[in-house]
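**Student:** First the structure, then my questions, so here it is.
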Amino acid sequence: MSLTAGFDIGGTEIKFGLVDRAGKVWFRGSASSPPDVRKLGETLAAIWSSLKQQARGKRILASGFGFPGIFSPEKEQIIQSPNYPGLDNLKLRPFLQPYFDVPFFLDNDANLAAYGEWATGAKGKPRSLVHLTLGTGVGSGIILEGKIWHGAAGFAAEIGHVIVNPEGEVCGCGNKGCLETEVSGPAIVRHYRLFSKGGQAPDAKAVALLARKGDKAAKESFNRAGYFLGIGLGIIISSLNPEIIVLGGGVMASGRLLLRPALEEARRRCFRAAFASTIIRLAVMGNDAGFIGAGLMARDKLKELILPS
């Protein structure tokens, strides 16, 4: 039996694992993302060494990497990474080459989360799927006709940087009022502190816990985030009319606290028929979608190299 390795590199955490041809996870792990790129390379090298041991004699054919930020497939380069600025303008292949002794393939992290959900979490592999990952930032990926949609230069599917509140906060990308500034984990914490007039919560998970206990400011924070998420969902449905929209990432652990107001607003923002034709659901693969998608992308890219059409 052969395996592929997948790496999902985020602004705060690296998730990684080994998957077989069917997408079954044989091993999973995580590590903190170091801010320094040199240390990132050393961290990835150490993880790679541990994955080869965890394979327990099985052959690892290839590796896939998902990096956060605007990714150029042609240049294999991160043009800009709002939530991991150390990656800005980094040419990824020469960066990784010294550490890896198998073929490896690269893409945006959110694209690969979408690929993971499409390949393993969606029954029948729909023709179109949009995946939103709500965490430190808001990542997104689009699958059209079974392929990752990169756009003309690789910069498609940056739905986290669609403007939903023109008078909103400045985003890490440099724009103002992006979806990310309203529905990410840090945004929910920021608004909780505002609504509670100084109340403290370390993360969105803590705000969700307070909301479930009846904290009015915490509930208001999720209602606000849900309102703007609903605007974003409406834009997706009106623009693409996808079969499925999948919502994942750590913030979605809040469940109906965020989903209920988001669906209500999305319904108001769309033609009824368009809203009714799109399934909106929580991610099946959870936080594993990124590294699973990276591993399966590596599997499929390697197959294309060996058996070109």
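**Student:** Kindly establish whether TRP118 is over 13 Å from ILE9 (Cα atoms) and either part of a loop (DSSP other than H, G, I, E, B) or at pLDDT below 95 (or both).
**Tutor:** Yes: the conditions hold for TRP118.
**Student:** Could you say whether any residue in the range 49-65 is under 29 Å from ASN175 (Cα atoms) and within 21 Å of the chain's Cα centre (by Cα)?
**Tutor:** Looking for residues that are under 29 Å from ASN175 (Cα atoms) and within 21 Å of the chain's Cα centre (by Cα), one finds at least one in the range 49-65, hence yes.
**Student:** Out of GLU42, GLU76, report the one residue that is among the charged types (D, E, K, R), over 21 Å from the mean Cα position of the chain (by Cα) and open to solvent by 10 Å² or more (accessible area, probe 1.4 Å).
**Tutor:** GLU42
**Student:** Let me ask something additional. Are there any pairs with C-beta distances below 7 angstrom linking a residue in the range 141-168 that is over 14 Å from HIS131 (Cβ atoms) and hydrophobic (A, V, I, L, M, F, W, C) to a residue that is modelled with pLDDT under 95 and open to solvent by 30 Å² or more (accessible area, probe 1.4 Å), with the two at least 6 apart or on different chains, and if so which?
**Tutor:** PHE155/ILE70; ILE163/ASN175
**Student:** Further, regarding this structure: Scanning the range 141-153 for residues that are touching a strand residue (DSSP E or B) at 6+ places or on another chain (Cβ under 9 Å) and either of a type in the set (D, E, K, R) or open to solvent by less than 10 Å² (accessible area, probe 1.4 Å) (or both), which turns out modelled with the lowest pLDDT?
**Tutor:** GLU145
**Student:** If I ask for residues that are free of Cβ contacts under 8 Å to residues at least 12 places away in the same chain and surrounded by fewer than 14 Cβ atoms within 10 Å (Cβ to Cβ), which ones from the range 23-39 would you list?
**Tutor:** LYS24, ARG38, LYS39, listed by residue number.
**Student:** Considering only residues that are among the charged types (D, E, K, R), in contact with a helix residue (DSSP H, G or I) (Cβ under 9 Å, 6 or more places away or on another chain) and open to solvent by 60 Å² or more (accessible area, probe 1.4 Å), look in the range 261-306 and name the one that is farthest from GLY64 (Cα to Cα).
**Tutor:** Across the range 261-306, the extreme among qualifying residues is ARG268.
**Student:** Kindly indicate the residue of the range 100-110 that is at pLDDT 95 or above and not in a strand (DSSP E or B) and also most open to solvent (accessible area, probe 1.4 Å) among those meeting that condition.
**Tutor:** PRO103
**Student:** Quick one: would you say LEU210 is closer than 18 Å to THR181 by Cα, open to solvent by 20 Å² or more (accessible area, probe 1.4 Å), modelled with pLDDT of 95 or more and among the aliphatic types (A, V, I, L, M)?
**Tutor:** In short, no.
**Student:** Scan the range 236-260 for residues that are open to solvent by 10 Å² or more (accessible area, probe 1.4 Å) and hydroxyl-bearing (Ser, Thr, Tyr) and jot them down.
**Tutor:** SER238, SER239
**Student:** Condition check: in a helix (DSSP H, G or I) and buried (at least 24 other Cβ atoms within 10 Å of the Cβ). Does ALA217 satisfy that?
**Tutor:** Answer is no for this residue.
**Student:** Mind listing whichever residues of the range 162-190 are surrounded by fewer than 22 Cβ atoms within 10 Å (Cβ to Cβ) and part of a helix (DSSP H, G or I)?
**Tutor:** PRO186, VAL189, ARG190 - these are the residues of the range 162-190 that are surrounded by fewer than 22 Cβ atoms within 10 Å (Cβ to Cβ) and part of a helix (DSSP H, G or I).
**Student:** For the range 73-92, name all the residues that are in a helix (DSSP H, G or I) and in contact with a strand residue (DSSP E or B) (Cβ under 7 Å, 6 or more places away or on another chain).
**Tutor:** If the condition is that a residue be in a helix (DSSP H, G or I) and in contact with a strand residue (DSSP E or B) (Cβ under 7 Å, 6 or more places away or on another chain), then LEU87, LEU92 are the ones that fit.
**Student:** Find the residue count for the range 79-98, including only residues that are closer than 24 Å to ASN287 by Cα, under 20 Å from the mean Cα position of the chain (by Cα) and of a type in the set (A, V, I, L, M).
**Tutor:** 2
**Student:** State whether the residues of the range 268-287 include one that is in a helix (DSSP H, G or I) and touching a residue at least 60 places away in the same chain (Cβ under 8 Å).
**Tutor:** Within the range 268-287, one or more residues are in a helix (DSSP H, G or I) and touching a residue at least 60 places away in the same chain (Cβ under 8 Å).
**Student:** Considering (1) part of a helix (DSSP H, G or I); (2) open to solvent by 50 Å² or more (accessible area, probe 1.4 Å), say which one LEU233 fails and leave the rest.
**Tutor:** (2)
The values are calculated or read from the model by the stated rules, or taken from the named source; none is laboratory data. The structure presented is a predicted model; accordingly, all values stated were derived computationally and were not measured. In this analysis, Cβ positions are derived from the backbone assuming ideal geometry, glycine residues included, and neighbour counts consider all displayed protein chains. Surface accessibility is based on the protein's heavy atoms, side chains included, excluding ligands, DNA and RNA. Shrake-Rupley method; radii C 1.70, N 1.55, O 1.52, S 1.80 Å.
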